[in-house]
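Note sheet for the following structure.
Each value in this text was obtained by applying a stated rule to the coordinates, not by laboratory testing. This one's a predicted model, so the numbers in the text were calculated from it and none came from an experiment.
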Amino acid sequence: MATTESIREAMTAAWKAGDTVRRDALRLMIASMENARIELGRLLEEADVTRVLQKEAKQRRDSITEYAKAKRQDLVDKEQAELDVIVQFLPQQMSDEELRAIVRSVIEEAGATSVNDLGKVMRPLMARLAGRADGAAANAVAREILQG
């Protein structure tokens with residue numbers, strides 16, 4: 001079953017169960033996917049849905065950080081609840097060991113030897129990770145390996 005269909009079914013189930021937090025988070029996800037569909041001018045493929053959900057998750061993480069700095073625990077809790085729902089529909093994230101192995105392999109394939117070659121590494125690396133790892137984490141690992 002496509003992720004979009006799963007999200008719509010989960011929203012219906014949350015609505016019937018009276019779970020307003022989950023329902024509202026799922027509605028926001030559906031709205032973001034619809035906006036992306038309109039922007040692209042075509043139906044979304046699974047990769048597009050994953051990108052939309054990753055963007056939503058990143059926005060929630062950034063908001064959590066900012067709200068925590070402002071000591072607004074109520075807003076942190078709200079954003080965290082939404083993030084927990086979004087993460088359920090993202091592809092399984094890879095472990096640090098898997099990430100390191102893929103980064104090493106891409107560095108080798110690209111012939112990168114220093115941090116100056118990071119640009120040569122990141123584009124093919126992000127294509128290979130396909131939503132299964134955070135871009136910032138991948139960048140940090142690539143930098144560490146290239147510096148080391």
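What lysines does Lys58 reach when the alpha-carbon gap must be under 19 Å and sequence neighbours fewer than 8 apart in one chain are set aside?
Output for Lys58: Lys69, Lys78.
Can you pull the Kirkwood radius for the chain, inverse mean 1/r over Cα pairs, to one decimal in Å? If you can, show how the numbers build up before the last one.
Working: mean 1/r = 0.0585 Å⁻¹.
About 17.1 Å, per the Kirkwood formula over Cα pairs.
Please list, in order along the stretch 132-148, the HN-Hα scalar couplings obtained from phi with the Karplus expression 6.51 cos²θ - 1.76 cosθ + 1.60 (θ = phi - 60°), rounded to whole Hz, x for Gly and Pro.
With coefficients 6.51, -1.76 and 1.60, one gets 9, 8, 6, x, 5, 5, 4, 4, 4, 5, 4, 4, 4, 5, 5, 7, x Hz.
Take the Cα coordinates of the stretch 94-148, assign each an equal point scatterer, and use the Debye formula without solvent to give log10 I(q)/I(0) at q = 0.13, 0.23, 0.28 Å⁻¹.
-0.24, -0.78, -1.18
Sorted from largest down, what three extents in whole angstroms do the Cα atoms of the stretch 3-87 have along their principal axes?
41, 30, 17
Show that you can apply the helix-only estimate: for the chain, add -39,500 (n - 2.57) for every DSSP H stretch of four or more residues, divide by all residues, and state [θ] at 222 nm to the nearest 500.
Numbers: 7 runs with 115 residues, N = 148.
Value at 222 nm, helices only, nearest 500: -26000 deg cm²/dmol.
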